[in-house]
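S.K.: Okay, here's the structure, questions in a sec.
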């Protein structure tokens, strides 16, 4: 049974739902959508006032409640339990990367390399010196902060859409994300790095200008209680984890499936990734080299995932075909006499 405005098509021998052009209009006017909204909002409110540590997952679950058809709930669980597990393991292990000896001995090496690369300058300091006034926040400060915070929603929404519309692309996205996060985790342990807002210049002078954390100033301006409760859980498990920028890596990763979705989606994904890179440098969250390394890790993850999926696909298809025929091995036809 399909939801309002939903059609069916055959893909790889099985029927999957496809959203028609009128689906969204019909869906948001339905009673089912209203019930989902109430349930989703209730879930976020409960998470907020019982244990703020569950807020991030509450938001993700709310997205699922609003977007996932009832008849595909089981498929969603089987797809997104591994997805959530990858993120959970990454976040958990990342919290130990700042407790090693390297975290105390080489945590400023990237900062020093950035200075050398830009002839004694730091791009974050140059950008903030030109565009940021800590006593008078501008509209672009709010805009860049919104871009930064969108990272906690947009990639997950894209993952749900990929799973719903393009299951094969979702599998490659999940595999690439696993490689990406695993590579980033390894680099966190090998090159633990202070972000610019933890730079060693504590005084405001022409010779040693400070780096401001723009996001915190904006959060305080709009009311920082919710921000502090949630970001300390989902974003600060290890502050000495600037290299590589996982924010950049994940947003750049979105560009690759967007390539197959059409020109407009591809341009939107590239624009979003570029804006995220600019945001992270300007707001004091990452160095330029962190952003470049994040893009490299994303590219490596997508290429590696694609290679292994292409290599294993014939083996998996062959095994499925054998099991469907009920033979231990495909029968060999007798030569014609």
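The values are calculated or read from the model by the stated rules, or taken from the named source; none is laboratory data. Since we're looking at a predicted model, the values are computed, not measured. No Cβ is skipped: glycine too gets one built from the backbone with ideal geometry, and neighbour counts run over all protein chains shown.
S.K.: Given the options 180, 137, 185, 174, name the one that is in a loop (DSSP other than H, G, I, E, B) and crowded, with 17+ Cβ neighbours inside 10 Å.
M.R.: Only one candidate passes the filter, namely 137.
S.K.: What are the residues in segment 115-124 that are touching a residue at least 40 places away in the same chain (Cβ under 8 Å) and surrounded by fewer than 20 Cβ atoms within 10 Å (Cβ to Cβ), if any? Working first, answer last.
M.R.: Initial filter on segment 115-124 (touching a residue at least 40 places away in the same chain (Cβ under 8 Å)): 117-118, 122-124.
Across segment 115-124, the qualifying residues are 117, 118, 123.
S.K.: Still on this structure: Which of the residues spanning segment 125-134 are outside any loop (DSSP other than H, G, I, E, B) and surrounded by fewer than 19 Cβ atoms within 10 Å (Cβ to Cβ)? Before the answer, list the steps.
M.R.: Quick first cut of segment 125-134, residues outside any loop (DSSP other than H, G, I, E, B) only: 125-131.
If the condition is that a residue be outside any loop (DSSP other than H, G, I, E, B) and surrounded by fewer than 19 Cβ atoms within 10 Å (Cβ to Cβ), then 126, 127, 129, 130, 131 are the ones that fit.
S.K.: Oh, and also: In segment 126-148, which residues are in contact with a helix residue (DSSP H, G or I) (Cβ under 8 Å, 6 or more places away or on another chain) and in contact (Cβ under 8 Å) with a residue 24 or more places away in the chain?
M.R.: 127, 128, 131, 132, 134, 137, 141, 142, 144, 145, 147, 148
S.K.: State which residue is modelled with the lowest pLDDT when the search covers only segment 140-160 and only residues that are in a helix (DSSP H, G or I) and surrounded by fewer than 16 Cβ atoms within 10 Å (Cβ to Cβ).
M.R.: Residue satisfying both the conditions and the ranking: 157.
S.K.: Let me ask you something else. Scanning for something assigned to a helix (DSSP H, G or I), within 13 Å of the chain's Cα centre (by Cα) and either without any contact (Cβ under 8 Å) to a residue 40 or more places away in the chain or surrounded by fewer than 19 Cβ atoms within 10 Å (Cβ to Cβ) (or both), does segment 273-288 turn up at least one residue? Give the steps one after another, and end with the answer.
M.R.: Of segment 273-288, the ones assigned to a helix (DSSP H, G or I) are 273-282, 288.
Those left that are additionally within 13 Å of the chain's Cα centre (by Cα): 273, 276.
With the extra rule that they be either without any contact (Cβ under 8 Å) to a residue 40 or more places away in the chain or surrounded by fewer than 19 Cβ atoms within 10 Å (Cβ to Cβ) (or both), the set shrinks to 273.
The answer is yes; a qualifying residue exists.
S.K.: Working only within segment 92-114, note down all residues that are part of a helix (DSSP H, G or I) and loosely packed, with under 15 Cβ neighbours inside 10 Å.
M.R.: Hits for segment 92-114 are 92, 99, 104, 105, 112, 113.
S.K.: Can you tell me which residues in segment 231-263 are at pLDDT below 80 and buried (at least 22 other Cβ atoms within 10 Å of the Cβ)?
M.R.: The answer is 241, and nothing else.
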